[in-house]
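FYI, it's all coordinate maths here, none of it is from the lab. Please read these numbers as outputs of a predicted model, since none were measured by experiment. A quick note on method: Cβ atoms are made from the backbone with ideal geometry, for glycine too, and the neighbour counts reach across all protein chains shown.
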Amino acid sequence: MIVFVVTCLAALLCPSVHSEGSTVAWCYHKPTCNVTTWPQLSPQFCNGSTQSPIDIVTASVQGNRNLTSFNFIGFDDNSNLMSIINSGESVVVNLDDYKMAVQGGDLPGLYNSKQFHLHWGNTSSSPGSEHTVDGKQYPMELHIVNINSKYHGNLSTAKAANDSTGLAVLCFFIEATSEKNKTKSWDILTSFLTRISPSGNQTDIMNQITMDSLLEGVDRTKYYRYQGSLTTPSCNEVVIWTVFKDPIKVSQDFINRFSTSTYFNSSPPVLMTNNFRGVQPLNGRVVTSQVPKSAAPSSAATSTLSIIIVYLLSSLCWL
């Protein structure tokens with residue numbers, strides 16, 4: 001009985017969040033456990049040399065011809081988004097990792113899609129993304145967490161292995177828009193937030209939306225790539241990051257629902273806002289992207305070149 005009580009107390013004090021398997025009590029909103037204290041709370045990795053997120057400086061990005069298109073498996077199936085939960089520090093959607101996966105894009109094999117979660121600021125008018133591009137911070141960011149198939153969907157095992165290829169996270173910026181007619185799936189997704197306002201609440205969302213519909217409008221052939229870490233404790237440096245260049249455009253009203261409907265794991269309840277980590281030092285890491293295709297000569301330029309060649313050949317004939 002005593003063991004049971006202690007276990008329950010530990011579960012209440014140590015939030016079970018999107019960095020599944022973490023035993024570190026951490027938070028975003030208290031002086032004793034916010035992002036500034038993570039390197040002390042979880043020193044093994046949170047003060048490491050390949051931490052995430054980062055600021056992507058486009059002028060320093062290097063070309064990589066191996067960054068080809070992805071194969072997104074099960075992203076068009078509305079039965080693969082199974083449930084949505086308030087983890088206490090984020091909103092997490094659990095995915096059917098038996099049917100959803102991603103491969104290609106120079107990833108070393110097949111990766112099973114486990115879940116996605118989000119980071120945001122305080123309403124759509126505030127910065128809330130974790131990664132930035134040339135210093136620009138978006139209102140929200142979505143992370144699809146994929147586990148190397150050799151770990152059979154076990155996130156804790158992938159983290160414990162300290163394998164730099166253990167996880168592949170697909171990162172999407174979210175930008176506020178007034179074009180409500182283009183964000184029907186986000187209206188459906190965010191309509192569930194009132195059901196999971198308190199920490200720990202969960203509800204079924206199967207057969208409602210697809211992953212593809214949430215990513216509508218994003219060119220998934222254009223992205224940045226770098227090696228990094230989880231962005232929450234214990235900050236394990238086991239992530240291949242793919243940061244897509246095109247943002248998802250979502251109605252500002254739907255973005256606002258996150259910071260006005262859900263609550264942190266705290267007593268008394270506090271609205272969940274600013275649940276993002278600031279950018280970390282690059283420490284010599286290289287960010288890569290696709291090599292731009294060489295532009296074909298214009299028809300006008302080709303015609304001009306042909307005329308010059310004919311003129312030169314004619315001149316030679318007169319000599």
Once S164 and T260 are pulled to full extension, the length gained, defined as 0.36 nm per residue separation minus their Cα-Cα distance, is 30.9 nm
Label model pair D134, D187: point-to-point distance (7 angstrom along the Cα→beta-carbon line) in nm is 3.4
So the FRET efficiency between A25 and T68, C-beta based with R0 = 30 Å and rounded to 0.05, is 0.10
A correct fewest-to-most ranking of V93, V133, V238 by other Cβ atoms within 10 Å would be V133, V93, V238
Zone reached by a paramagnetic label modelled 7 Å from L271 Cα along Cα→Cβ, restricted to the stretch 104-125 with backbone N below 18 Å, covers 119-125
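Take M206, M211, M272 and order them by how many other Cβ atoms sit within 10 Å, fewest up front.
Working: M206 12, M211 22, M272 28.
Ascending Cβ contact count within 10 Å gives the list M206, M211, M272.
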Output row, site S149, 7 Å Cα→C-beta label point, backbone N cut-off 20 Å, window the stretch 58-74, residues 67-74
DSSP beta bridges in the stretch 2-293: the antiparallel percent, rounded to 5, is 75
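For the stretch 2-293, take the alpha-carbon Rg, divide it by the Kirkwood Rh, and send me Rg/Rh.
0.94
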Output ordering of 115-127, 280-292 (per-residue mean of other Cβ within 10 Å, highest first) is 115-127, 280-292
Taking a crude spin-label model, label points 7 Å out from Cα along the C-beta direction, the D77 to A59 distance in nm is 4.7
Put in order of increasing Cβ neighbours within 10 Å, starting from the fewest, D96, D219 give D219, D96
Rounded to one decimal in nm, the spacing of the 7 Å Cα→Cβ label points at K222 and Q103 is 2.8
Note to self: C-alpha centroids of the stretch 32-55 and the stretch 123-141 sit apart, in Å, by 19
If R0 = 51 Å, then S156 and S178, at their Cβ-Cβ distance, give a FRET efficiency to the nearest 0.05 of 0.75
Amide H contacts under 5 Å for Y224, restricted to residues at least 5 apart in sequence or on another chain and with H modeled in the peptide plane, are V243, F244, K245
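Mind scanning K114/K159; K114/K184; K30/K159; K159/K245; K114/K249 and naming the pairs with a C-alpha gap bigger than 20 Å? Don't skip to the answer; put the middle values down first.
Numbers: K114/K159 14 Å; K114/K184 24 Å; K30/K159 26 Å; K159/K245 27 Å; K114/K249 24 Å.
In this structure, K114/K184; K30/K159; K159/K245; K114/K249 lie more than 20 Å apart at Cα.
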